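Enquirer: Let me give you the structure first, and then I'll get to my questions.
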Amino acid sequence: MCGLHTDNPLEVQIKLIRKYLKLKIMADNVSFRGHEQERNHVYDLFKRTVSHGESHSALMIGPRGSGKTTLINSVLHQIGQEVDLSNDAIIVRLNGLIHHDDKIALKSITAQMQLENAVGDRVFGTFAENLAFLLSCLQSGADRRCKSMLFVLEEFDMFCHSGRTQTLLYNLFDITHSQQAPMCVLGITNRIDVMELLEKRVKSRFSHRHLFIFPNEYDPQRAPQYKYQDLLVQLLSMPVKPKTATKKKRSRRNTVTSEDIEMEAKIAGDSHTLPQPILSRINLDQLNQDFVTDWNNHIASLREDHKVIDCLEKLCYYTVNEQVFRNVLFELVSKLSADSPYIEVSNLSTIIDKTVAPEHRVKLLQSLSILELSLVIAMKHGMEIFDGQPMNFEMVLHRYTKFANSNSSTQTVPRPVILKAFEHLQELEIIMPVKTTDSIYNSGDTTASRVQKEFKLYTLAVPNEDISDAVKNFKALPTEINHWFNNSVV
């Protein structure tokens, strides 16, 4: 510490470490571990498309947070170091949540190919004609060769809605099938039944090459908490610069840059560094290597701490989603300060409890709009008055309208909007339709199948304690609604 000439050396060190680790946890979407076979398969497909002009299509399937997008970014980063991707290929990324319409998708494809000027005000009869024109614009040279194209389709299942024709998928797969241009189409989805959503004509042009990514395949011989132990050390460790290399560098100039640290860390075999594009966003000149060594020793000691292992094991009972674990570490790093310069196990335990414990329903309630939460409160009060009897929309609407009319500050909401909010509560399973026991039909029949939706009977599917916690910790909740919830109803 004595080597730093600042007013508060520890604060400077903590600030640098905090910024570096936040980038490492959240901004690094290139570093990838495990799934070597699947990664090599994607690398092979992309490399053959870029280098040899082949056409391929594939589908990557795996749960959210398993690393599908990171795997692709990692492969593209590696290929970008081996060949000139900017000149040899065009990467087009589409997302089913955003580019759900063919016109929007085509506009995005044109923009990513940088062909807006070529298209201009031209009018095309079909999607296929438009796409064929874009391909022809990319052809150059005497042999009219076309640049290689890599299409990455995130949320692939959203392109397969039965309500719309799958024109985009058909044309992309048709190009790869007929080898009109060197193109690789890689779809990413978390739905394992996605093939059932495809039209026959789309299926016939798809290569039926599937890659499955599952979180526990990283090391199937070990329990998931041991994977989290490795990840904890990897994500929270700082790069260490060898002393010999440090002296050599300082003999040439007085400052040490992030490029120096990355290069020297690689020489030392340190795997805790960030990729250069991300590392360049932070200035590590003031890092004190003695403090960094102490920090890494502290992180290594956490790995063997029985309390930490218990916390990680508890997290694994609820989820093996790596993104959730990264969120926990991000919150943990955010608590670092000059007064608390090291990771505290109690903070880790508190954050994990808050992340995975039974407050799952509480978080769901807190994600509701003010109107939806008001309907839940109205239904809760109504069921208390009628001794737990189920309620329909009209009964809930009556209680909500009565409250809204008595509070001039409450905004008037049209009835169709309130009905839509009520139906959303059913989709989230916060309210559930009531099954009838005297039905002349099958025993699983519900009142929902035989009456108008305004008169279907529902009951609350969340405990009153969860509603109380959600209201208590609901940010920006109007005072009137809080008062309405806490007051007894007559």
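Enquirer: Out of curiosity, is A27 outside the structural domain of R191 (by TED's automatic domain parsing) and loosely packed, with under 15 Cβ neighbours inside 10 Å? Spell out the reasoning first.
Expert: Numbers: outside the structural domain of R191 (by TED's automatic domain parsing): yes; loosely packed, with under 15 Cβ neighbours inside 10 Å: yes.
Considered against the rule, which asks whether it is outside the structural domain of R191 (by TED's automatic domain parsing) and loosely packed, with under 15 Cβ neighbours inside 10 Å, A27 comes out as yes.
Enquirer: Only one of (1) closer than 18 Å to H360 by Cβ; (2) at pLDDT below 85 fails for I431. Which number is that?
Expert: Unmet condition: (2).
Enquirer: Do we have any residue at all in the stretch 84-99 that's hydroxyl-bearing (S, T, Y) and either under 16 Å from the mean Cα position of the chain (by Cα) or part of a helix (DSSP H, G or I) (or both)?
Expert: Filtering the stretch 84-99 for residues hydroxyl-bearing (S, T, Y) gives 86.
Those still in the list that are either under 16 Å from the mean Cα position of the chain (by Cα) or part of a helix (DSSP H, G or I) (or both) too: 86.
Yes, the conditions are met somewhere in the stretch 84-99.
Enquirer: Only residues in the stretch 35-53 that are assigned by TED's automatic domain parsing to the domain that holds D88 and at positive phi count as the first member; pair them with residues that are basic (K, R) and outside any helix (DSSP H, G or I), Cβ under 9 angstrom, at least 6 apart or cross-chain, and list the lot.
Expert: Every condition considered, the pairs that remain are G53/R145.
Enquirer: Can you find, within the stretch 332-356, the residue that is surrounded by the most Cβ atoms within 10 Å (Cβ to Cβ) among those that are hydroxyl-bearing (S, T, Y) and over 16 Å from I17 (Cα atoms)?
Expert: T355
Residues checked against (1) of a type outside the set (D, E); (2) at pLDDT 85 or above; (3) surrounded by fewer than 17 Cβ atoms within 10 Å (Cβ to Cβ):
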{"site": "A132", "(1), (2), (3)": "yes, no, yes"}
{"site": "E155", "(1), (2), (3)": "no, yes, no"}
{"site": "I192", "(1), (2), (3)": "yes, yes, yes"}
{"site": "K243", "(1), (2), (3)": "yes, no, yes"}
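Enquirer: Filter the stretch 224-236 for residues that are within 21 Å of Q37 (Cα to Cα) and modelled with pLDDT under 75 and give the result.
Expert: Passing the criteria: only P224.
Enquirer: Taking the condition of being within 24 Å of G53 (Cα to Cα) and surrounded by fewer than 20 Cβ atoms within 10 Å (Cβ to Cβ), how many residues in the stretch 93-109 meet it?
Expert: Qualifying residue count for the region: 2.
Enquirer: Continuing with the same structure: Consider the stretch 377-403. How many of its residues are touching a His at 6+ places or on another chain (Cβ under 8 Å) and of a type in the set (A, V, I, L, M)? Please lay out each step first, then the result.
Expert: Here is the first cut: in the stretch 377-403, the residues touching a His at 6+ places or on another chain (Cβ under 8 Å) are 399.
Applying the additional criterion that residues be of a type in the set (A, V, I, L, M) yields none.
The number of residues fulfilling the criteria is 0.
Enquirer: Kindly list, by first and then second residue, each pair from a residue in the stretch 373-391 that is at negative phi to a residue that is part of a helix (DSSP H, G or I) and charged (D, E, K, R), limited to pairs with Cβ atoms under 8 Å and residues at least 6 apart or on different chains.
Expert: Close Cβ pairs satisfying both conditions: A378/R399; M379/R399; H381/R399; G382/R399.
Enquirer: Here is a further query. Could you check S57 against (1) among the hydroxyl-bearing types (S, T, Y); (2) in a helix (DSSP H, G or I); (3) more than 30 Å from K335 (Cα to Cα) and say which number it fails?
Expert: Of (1) among the hydroxyl-bearing types (S, T, Y); (2) in a helix (DSSP H, G or I); (3) more than 30 Å from K335 (Cα to Cα), only one is false for S57: (2).
The values are calculated or read from the model by the stated rules, or taken from the named source; none is laboratory data. Bear in mind the structure is a predicted one, so any value in this text is a computation, not a measurement. With ideal geometry, Cβ positions are generated from the backbone for all residues, glycine too; neighbour counts draw on all protein chains shown.
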